[in-house]
Amino acid sequence: MKQIVVACGSGVATSQTVASKVNRLLKENNVPAEVLAVDIKSVDRYIPSSVAYIAITKVDKEYPIPVINGIAFLTGVGQDAEFKKLVDAVNA
Amino acid sequence: MAHRDTIYRELIQLDWEVADQTEFFDKMAAKLVELGYVKETFADAIKTREANFPTALPVEPFPVAIPHADPQHIIKPFIACTRLKNPVKWCEMANNDEEHDVKFIFMLGFLGGHGDADGSNEHVELLQILVMNFQKPEVMDRLVNAKTEDEYMEAVLSMEGL
């Protein structure tokens, strides 16, 4: 099972909402990965063990793994394109 | 606690006049402190969090802001629903350089968070319900056209799934 990490500013609401939505999409599409919601302050620790980073905050840094737009999963706008990027990262 | 039970009539603000986001936060925080929903630390906490992690959602037909602060500043969970008289500038979530003219604000006061399995699931569901409804023109029409706080409250409670 591959790991995808998602982080938001307070860790109270948005990251978990996105995580639950993406986990459902992964399951429905039989993609062998799961999403872990973490606090933004600890996200760097999870990068090495993850295949993609779903960001709900502005990303100023370069990451060695694909960065996916998390707001797309929150609003549904542009969700298909972002999900495809995610699946590609899992299958890479 | 059911979602709709965290929407209080006394926390509906209709056609508030504020010059900018800071004035909105000051006014809202003062009211929340007075009514016992948040601690004194809330005003600074919400402003700092918003500056670092903005909360305007670029949804159609209208952008909606969902400001929230860390749980330690909250006393009693709430959703405070505001319609401003005139929109104020609000930065987009995850895209801080993009500004929106925001009139509709749903301030979320949550307890719990990571590691709080019970509390967090509720937030997840609530946020999904709200965001889904923000994108329904018929729901937003009711929010636009509500003439009194009671009508606004009814419009919010009419959201599917709430």
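The values are calculated or read from the model by the stated rules, or taken from the named source; none is laboratory data. All figures in this text were calculated on a predicted structure; none of them were measured in a lab. FYI the Cβ positions are ideal-geometry reconstructions off the backbone, even for glycines, and counts take in every protein chain you see. Note: accessible area is taken over every heavy atom of the protein model, side chains too, but ligands, DNA and RNA are not part of it. Shrake-Rupley method; radii C 1.70, N 1.55, O 1.52, S 1.80 Å.
Things worth noting here:
- Of the listed requirements (1) touching a residue at least 40 places away in the same chain (Cβ under 8 Å); (2) within 10 Å of chain B (Cβ to nearest Cβ); (3) among the hydrophobic types (A, V, I, L, M, F, W, C); (4) open to solvent by less than 10 Å² (accessible area, probe 1.4 Å), residue A:6 misses just one: (2).
Yes/no per residue for (1) over 27 Å from residue B:158 (Cα atoms); (2) of a type outside the set (Val, Ile, Thr); (3) more than 14 Å from every other protein chain (Cβ to nearest Cβ); (4) open to solvent by less than 60 Å² (accessible area, probe 1.4 Å):
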{"residue": "B:5", "(1), (2), (3), (4)": "no, yes, yes, no"}
{"residue": "B:15", "(1), (2), (3), (4)": "no, yes, yes, no"}
{"residue": "B:21", "(1), (2), (3), (4)": "yes, yes, yes, yes"}
{"residue": "B:37", "(1), (2), (3), (4)": "no, yes, yes, yes"}
{"residue": "B:49", "(1), (2), (3), (4)": "yes, yes, no, yes"}
{"residue": "B:98", "(1), (2), (3), (4)": "yes, yes, no, no"}
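- Residues of the stretch B:84-98 that are assigned to a strand (DSSP E or B) and either within 22 Å of residue B:43 (Cα to Cα) or at pLDDT 95 or above (or both): B:84, B:85, B:86, B:87, B:88, B:89, B:90, B:91, B:92, B:96.
- When A:77, A:87, A:59 are checked against the criterion of being open to solvent by 10 Å² or more (accessible area, probe 1.4 Å) and part of a helix (DSSP H, G or I), A:87 stands alone in meeting it.
- Of all the listed residues (B:87, B:67, B:58), the sole one being under 23 Å from residue B:141 (Cα atoms), within 13 Å of chain A (Cβ to nearest Cβ) and surrounded by fewer than 21 Cβ atoms within 10 Å (Cβ to Cβ) is B:58.
- Near pairs, Cβ below 6 angstrom, 6+ apart or cross-chain, from the stretch A:56-84 (within 14 Å of chain B (Cβ to nearest Cβ)) to any residue that is open to solvent by 30 Å² or more (accessible area, probe 1.4 Å) and of a type in the set (D, E, K, R): A:68/A:85; A:73/A:21
- Verdict on residue A:31 being farther than 25 Å from residue B:77 by Cβ, part of a helix (DSSP H, G or I) and of a type in the set (A, V, I, L, M): no
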